[in-house]
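Working notes, beginning with the structure itself.
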Amino acid sequence: MRLFPMALLCLTIIYISSSALMAQVNIEGIVLDKEDYQPLSGAFIEVLPDSTKITSDIEGHFKVISLLDSCILRIRYLGYDDLQIPLFKGSSRIKVHLLRSNATLSEILVSASPLPYKSEVKGSNFRLNPQKLKQINPLGTEEALKMIPGVNIVGDMGLSNRPNISIRGSWGRRSKKVLLLEDGTAAAPAPYIAPGAYYNPVSDRITAVEVYKGAELLRYGPNNMYGAINYITALPPQKPQLRLKLMGGQRNYTTGLLSYGGTWNNLGALVEGVYKRFDGFTQNSSVEVLNLNAKIFSKLSENQSLYFKVSGQAEENQASLSSQTPFTFKVDPQQNPLDADQFTMRRYGVDVIHKLNLNKQLNITSKIYGSDFERDWWRQITNKIKASAVKNYVGDDIYHDRYQYLKNEDPDDEDYVIVGRLNDGHESTSDSRWAYTVSGIKETINYNWSAWGQKHEFESGLNIHRETFKDRFLVADNSRWSRNGTTTTDLWYRLLSFNVYTQNQFNFGTWTITPILRLEHINMFRQDLIAAADNPNLINTKEGREYNIYTQALPGISIEKKVKNGIVYSGVYQGMIAPSKVFGFLVEQDGIITNPLATQSINIRPELSWNKELGWRGQLIRDQLAGQFTYFHNTTRNFYAGGRNEVFTTLAKINVQGLEISLQKSLLRRGDHRLDLSLNASWMKSRVLSGQLEDRDLFSQVIHSNATKEEYIHKVNANREAFKIFVKSNDGEILLQKQELQIEDFPSISKSVLTFGEKSIENAEAPYTPRINTSVGIDYSHNSLSTGWLLHYVGSQYTEFHNFKQESSDGAIGQLPSYHTMDAYVRYHVLADHGMEMTLFLNGKNLTNRIYKASRLNRATSGIFPGGFRQLVLGLDVQF
């Protein structure tokens with residue numbers, strides 16, 4: 001009897017082996033896009049007449065075994081024409097090229113290409129493909145974006161719900177100078193008036209990420225000076241599929257994703273829900289997010305298609321603008337005693353796209369979009385006091401409740417702590433209450449024409465875009481838990497934009513030349529509703545509106561030359577940052593900025609830049625070594641808002657130039673063993689060329705250390721002509737004429753104005769522009785098992801235009817030291833019966849647990865934001 005199980009096992013092995021040997025058709029293949037030859041993941045493959053059904057894997061590969069002498073392979077992929085291939089007896093390897101349907105839309109095309117770029121995008125660009133995102137399994141989108149050359153993450157929150165992204169030296173706070181897109185539509189609550197990223201899609205929804213930096217940016221929208229990030233969300237699968245993804249980790253990290261979708265003939269649909277919860281890396285920083293979304297794509301006929309997407313997101317977050325001082329960072333960087341801060345938001349969005357092919361050369365794409373966003377952000381009003389005085393200031397009850405971690409410390413005279421401000425024994429709070437609506441319609445025409453023996457491509461788009469923004473500020477003095485208060489600010493903004501772009505791709509043999517022109521006409525106003533209500537002579541609702549109306553042309557050109565193993569590309573274009581609520585209602589005269597007087601018209605214009613780049617991309621060794629190299633040179637003018645309460649009263653000119661490198665090398669391809677190496681790096685140098693800066697926090701809010709006082713005095717004495725210094729007097733402020741300052745003069749200084757440029761401050765750098773930013777990854781896979789490591793290094797960086805190296809006592813100013821992180825993952829993929837697929841994975845973030853100073857984004861109101869906390873995540877992804 002003991003021999004029976006062994007005999008049964010042997011018979012099973014013999015049967016399986018003989019079945020493979022008896023197979024008449026044995027095919028291994030890959031499904032590719034016929035236009036760019038990149039692999040397509042999840043293509044639906046049916047073997048006829050025995051109705052075997054499979055899908056291509058994440059790299060586009062598939063395997064077919066049939067006992068028939070011949071069969072037909074039918075391949076389907078949403079957005080592509082169906083293809084049938086006859087197969088005959090024998091074994092072979094094939095490449096299947098699918099042709100994009102005439103009615104397809106770019107919004108439903110997601111390539112599985114391993115290349116770090118998109119070949120069809122003009123100029124420099126970078127792409128994170130679906131496989132890479134599955135491997136790193138990011139907690140938030142910032143974790144994925146840090147791998148991209150030219151991108152610097154200025155961290156202040158763990159899950160990047162409000163990301164702080166800098167591209168090529170842009171000011172990173174809330175990604176205000178980066179164009180964020182979701183499936184090609186602007187994602188910011190109000191892309192012109194208030195471009196801060198207070199909405200960001202949860203990372204679990206993201207299938208791929210694309211970053212554009214060249215002249216092609218002019219196709220997409222405003223804030224096109226530095227770069228655009230396009231989050232591509234999940235598409236309907238090629239066959240009906242139920243998906244469940246569950247994750248859990250330290251600090252009660254919990255994520256659940258449930259979706260169902262599929263493709264039925266010419267209709268693809270997907271419904272998805274994501275729930276995410278996390279206690280946060282620091283105390284009192286928990287977050288809870290719910291996202292629901294659905295999309296439908298229908299090929300209505302051979303010449304037209306329709307796409308519909310709707311989404312909703314709600315969030316509750318204990319988000320705090322206040323964080324650490326150098327003293328509390330050293331004691332315990334996980335502490336946050338401000339337990340009453342609360343951020344709540346909800347956002348709804350909809351996109352409807354229709355494409356009509358009038359003939360083989362001409363098509364028109366119509367897009368209607370809209371979003372509605374509201375947020376409340378209650379933040380405790382804070383004070384900065386000496387660490388030795390905390391207990392006396394807050395009292396015994398509050399101290400024992402929230403500041404016990406300080407009891408064994410022996411602070412010195414320069415150690416400070418951020419605490420809740422008390423008034424008659426009560427802590428107080430304030431609310432920033434914002435509401436936005438965005439709507440628009442866009443018409444795009446594409447025309448393929450021929451001349452001079454070549455085919456050329458014309459494209460033009462017209463967009464009518466409307467935004468409204470309600471900005472209210474409330475104060476409650478009686479309790480930090482209050483959720484209502486006195487309205488102290490009530491501003492109403494409205495913007496209407498008419499914008500059009502036109503480009504033509506001229507093809508001349510191995511050369512491609514694409515000129516592009518974008519025109520923006522903006523009509524916007526601001527209205528102070530409280531001031532209007534206090535006006536006894538008010539006669540209509542339009543009273544007190546302050547208008548800013550302007551038109552801006554943005555030209556550009558891209559040139560490409562096909563060379564052996566790749567493409568050499570170059571481009572020049574003028575980019576802009578639209579005047580927002582921060583600087584959109586000022587008066588500029590001869591470069592000097594002031595607030596408007598009663599008789600003055602607002603005339604502030606966009607920040608503008610000339611951006612140039614030269615690069616190469618391609619495959620040095622086909623399927624083994626691919627990469628992209630770019631040199632860029634951007635010079636910005638009309639630069640006003642440099643940082644929180646850092647403004648150029650005389651508009652600045654800033655240059656950022658650098659090199660970006662992306663390489664992917666296949667180290668091993670032996671049987672089922674694969675080993676790959678990736679390198680993404682950037683080197684940047686920034687310089688303020690001209691302008692006059694006033695730092696309004698430096699002497700009114702920042703608590704200086706002896707080191708920052710001495711450093712400031714040294715800067716002044718080393719370049720006295722570059723500093724206008726004002727001191728307090730009985731008559732207000734007067735200009736200090738003294739040529740050489742002493743440390744004793746510092747307490748009397750009330751304001752200083754810096755002059756940049758020739759014979760002034762000549763070598764100042766832009767904030768948050770590290771010279772070096774590098775990621776190195778190594779990935780290994782064998783059959784169902786894959787694992788990898790990612791090392792990330794960021795060089796030191798200044799945090800304000802004074803370029804302080806020393807750190808203030810409150811952490812508001814000072815250079816951030818360099819830091820590095822190490823991440824790792826392991827994944828195991830299982831194919832079960834009845835087409836079920838299951839993946840088990842473990843991700844380790846910041847494995848060294850070396851806590852670093854990530855930013856001082858809010859400067860005097862917050863101090864230091866820490867980063868680098870270790871986080872382990874275990875998960876299961878099942879597809880039925």
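Structure data summary
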read-out	value
Answer residue from segment 400-417, given it is at pLDDT 95 or above and either closer than 27 Å to Phe343 by Cβ or of a type in the set (Gly, Ala, Ser) (or both) and is least open to solvent (accessible area, probe 1.4 Å) among those	Val417
Lone unmet requirement of (1) within 23 Å of Phe583 (Cα to Cα); (2) open to solvent by less than 10 Å² (accessible area, probe 1.4 Å) for Val209	(1)
Test: residue in segment 477-485 that is open to solvent by 50 Å² or more (accessible area, probe 1.4 Å) and either in a strand (DSSP E or B) or at positive phi (or both)	no
Residues satisfying the stated conditions in segment 580-602, i.e. open to solvent by 60 Å² or more (accessible area, probe 1.4 Å), in a strand (DSSP E or B) and among the aliphatic types (A, V, I, L, M)	Ile592
Residue match in segment 333-341 (condition: open to solvent by 40 Å² or more (accessible area, probe 1.4 Å) and at pLDDT below 95)	yes
Matching residues, segment 503-539, being among the aliphatic types (A, V, I, L, M) and open to solvent by less than 60 Å² (accessible area, probe 1.4 Å)	Ile513, Ile516, Ile522, Met524, Leu529, Ile530, Ala531, Ala532
Residue count, segment 227-274 (criterion: touching a Gly at 6+ places or on another chain (Cβ under 8 Å) and within 30 Å of Asp332 (Cα to Cα))	5
Segment 29-46, residues that are of a type in the set (A, V, I, L, M) and outside any strand (DSSP E or B)	Leu40, Ala43
Condition broken by Val390, with the remaining ones in (1) touching a residue at least 60 places away in the same chain (Cβ under 8 Å); (2) closer than 29 Å to Ser705 by Cβ; (3) touching a helix residue (DSSP H, G or I) at 6+ places or on another chain (Cβ under 7 Å) satisfied	(1)
Residue that is most open to solvent (accessible area, probe 1.4 Å) [pool: residues in segment 286-299 that are farther than 13 Å from Gly268 by Cβ and not polar (S, T, N, Q)]	Leu292
In segment 546-579, the residues that are closer than 20 Å to Met524 by Cβ, more than 27 Å from the chain's Cα centre (by Cα) and surrounded by 14 or more Cβ atoms within 10 Å (Cβ to Cβ)	Glu546, Asn548, Tyr550
Of residues in segment 624-649 being small (Gly, Ala, Ser), within 25 Å of Val753 (Cα to Cα) and surrounded by fewer than 22 Cβ atoms within 10 Å (Cβ to Cβ), the one modelled with the lowest pLDDT	Gly642
Flag if Ser796 is more than 30 Å from Phe62 (Cβ to Cβ) and not β-branched (Val, Ile, Thr)	yes
Residues of segment 860-879 that turn out to be among the polar types (S, T, N, Q) and open to solvent by 10 Å² or more (accessible area, probe 1.4 Å), as a count	2
Matching residues, segment 108-142, being touching a residue at least 40 places away in the same chain (Cβ under 8 Å), under 17 Å from the mean Cα position of the chain (by Cα), part of a helix (DSSP H, G or I) and over 25 Å from Gln624 (Cβ atoms)	Thr141
Out of Leu857, Leu847, Leu840, sole residue that is under 29 Å from Asn336 (Cβ atoms), open to solvent by 20 Å² or more (accessible area, probe 1.4 Å) and either out of contact with any Asp or Glu (no Cβ under 7 Å at 6 or more places or on another chain) or of a type outside the set (Asp, Glu) (or both)	Leu847
Test result for Tyr307, under 25 Å from Arg433 (Cα atoms), of a type in the set (Phe, Trp, Tyr) and part of a strand (DSSP E or B)	no
Among (1) at pLDDT below 95; (2) in contact with a Phe, Trp or Tyr (Cβ under 8 Å, 6 or more places away or on another chain); (3) open to solvent by 10 Å² or more (accessible area, probe 1.4 Å), the one test that Arg669 misses	(2)
Test: residue in segment 16-30 that is among the charged types (D, E, K, R) and in contact with an Asp or Glu (Cβ under 8 Å, 6 or more places away or on another chain)	no
Hits in segment 613-666 - residues which are within 19 Å of Val568 (Cβ to Cβ) and among the basic types (Lys, Arg)	Arg617, Arg622
3 or more residues over 13 Å from Asn26 (Cα atoms) and of a type outside the set (Phe, Trp, Tyr): qualifying strands (runs of 3 or more DSSP E) within segment 47-95	52-55, 70-76, 83-88
Test set (1) within 25 Å of Leu519 (Cβ to Cβ); (2) charged (D, E, K, R); (3) at pLDDT 95 or above - Glu216 fails condition number	(3)
Residue list for segment 536-562, restricted to those being modelled with pLDDT under 95 and touching a Gly at 6+ places or on another chain (Cβ under 7 Å)	Asn548
Near pairs, Cβ below 8 angstrom, 6+ apart or cross-chain, from segment 31-59 (surrounded by fewer than 14 Cβ atoms within 10 Å (Cβ to Cβ)) to any residue that is among the basic types (Lys, Arg) and outside any strand (DSSP E or B)	Lys53/Lys239
Candidate set: segment 271-292, residues that are farther than 10 Å from Tyr253 by Cα and hydroxyl-bearing (Ser, Thr, Tyr); chosen: the one modelled with the highest pLDDT	Tyr275
Matching residues, segment 96-129, being among the β-branched types (Val, Ile, Thr) and modelled with pLDDT of 85 or more	Val96, Val121
Elements of type strands (runs of 3 or more DSSP E) in segment 721-835, at least 2 residues being surrounded by 17 or more Cβ atoms within 10 Å (Cβ to Cβ) and not aliphatic (A, V, I, L, M)	723-729, 749-756, 772-782, 785-794, 819-831
Boolean, Ala190 is in contact with a helix residue (DSSP H, G or I) (Cβ under 7 Å, 6 or more places away or on another chain), modelled with pLDDT under 95 and of a type in the set (A, V, I, L, M)	no
Looking only at segment 598-615, and only at residues there that are under 15 Å from Ile577 (Cα atoms) and of a type in the set (A, V, I, L, M), the one that is modelled with the highest pLDDT	Leu608
Test: residue in segment 420-440 that is among the β-branched types (Val, Ile, Thr), surrounded by fewer than 20 Cβ atoms within 10 Å (Cβ to Cβ) and under 34 Å from the mean Cα position of the chain (by Cα)	yes
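The values are calculated or read from the model by the stated rules, or taken from the named source; none is laboratory data. From a predicted model like this one, the values you see are computed outputs, not experimental measurements. Here Cβ is always computed from backbone atoms with ideal geometry, including for glycine, and neighbour counts include all displayed protein chains. Side chains are part of the model used for accessible areas, which takes the heavy atoms of the whole protein and leaves out ligands, DNA and RNA. Shrake-Rupley method; radii C 1.70, N 1.55, O 1.52, S 1.80 Å.
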